[in-house]
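I have placed the structure first, in the form of structure tokens, so that the comments after it can refer back to it.
What follows draws every value from the coordinates through simple rules; no lab data is involved. Nothing here was measured: the structure is a model prediction, and the numbers come from that model. Cβ sites come from the backbone with ideal geometry, for glycine too, and all protein chains shown count toward neighbours.
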Amino acid sequence: MTNTANYPKKHQEVELTQLDKQILQILQENGKASLRSIAQKLNSSVSAVKNHVDKLTETGVIQSYTALIDCCKIGYKEMLLLFIRVSNSVPISEIFDKLAKIDKINAIYQISGTYAIFCMAKCVEKEDQILLLEVIKKIIGIEEIHTQVVLQRIKEDLRVKIP
């Protein structure tokens, strides 16, 4: 899911009920779980679970339902970590928007320190990395790209521990 509107984006914290937390835990383990199966596991009614899921979706806690794919198994063997230094002459939001349109970039973060932006990108082969860097270098406002190649993926888990 790409969210690039209105930088800097302020995140409104949502207060979760115990039922909300339990629903989120189940959905993180199985995004295809039916409302009925969730209700049975939690000893709740289907309508109560539906109301909570609807509220979690409306407030943006649940952003989407998607399959987690092992990128290596479908050919994306190369992963780049990009640290990007930008100039003050271009609004950073414009740079974010241009980076977000590049399909090989999977994640973009605004960070503190020398580099203002951190990106993760996945490529099929080394030639893709070179082409990606050439595209990024052409973005006005980018002064420097520090690139690191991931040698081995030890852990990659997009789930969040529910407090």
TODO: For an R0 of 25 angstrom, estimate the FRET efficiency from the Cβ-Cβ distance between GLU156 and ASP97 and round to the nearest 0.05.
DONE: 0.45
Task: Estimated inter-spin distance, LYS126 and LEU19, nm [label 7 Å along Cα→Cβ] - done: 5.7 nm
Task: Reach of LYS32 by Cα under 22 Å, taken over lysines that are not fewer than 8 positions away in the same chain - done: LYS21, LYS41, LYS50, LYS55, LYS73, LYS161
- [ ] Using Cα Rg over 2.2 N^0.38 Å as the read-out, say which of [x] 1.34; [y] 1.08; [z] 1.27 was calculated from these coordinates.
- [x] [z]
Open item on the list: Using +1 at the C-beta of Lys and Arg and -1 at the C-beta of Asp and Glu, which of LEU56, SER112, ASN43 has the Cα lying farthest in the positive direction of the dipole of segment 38-154?
Closed with: ASN43
Task: 15 Å beta-carbon shell around SER44, net charge (K/R +1, D/E -1) - done: +3
Task: Built amide H within the under 5 Å cut-off of MET79, gap 5+ - done: CYS123, VAL150
TODO: Normalising by the residue count of segment 18-58, find the relative contact order in percent from Cα pairs under 8 Å and 6+ residues apart.
DONE: 41 percent
Task: Modelled FRET efficiency - R0 35 Å, ASN43 with ASP70, Cβ distances, 0.05 increments - done: 0.55
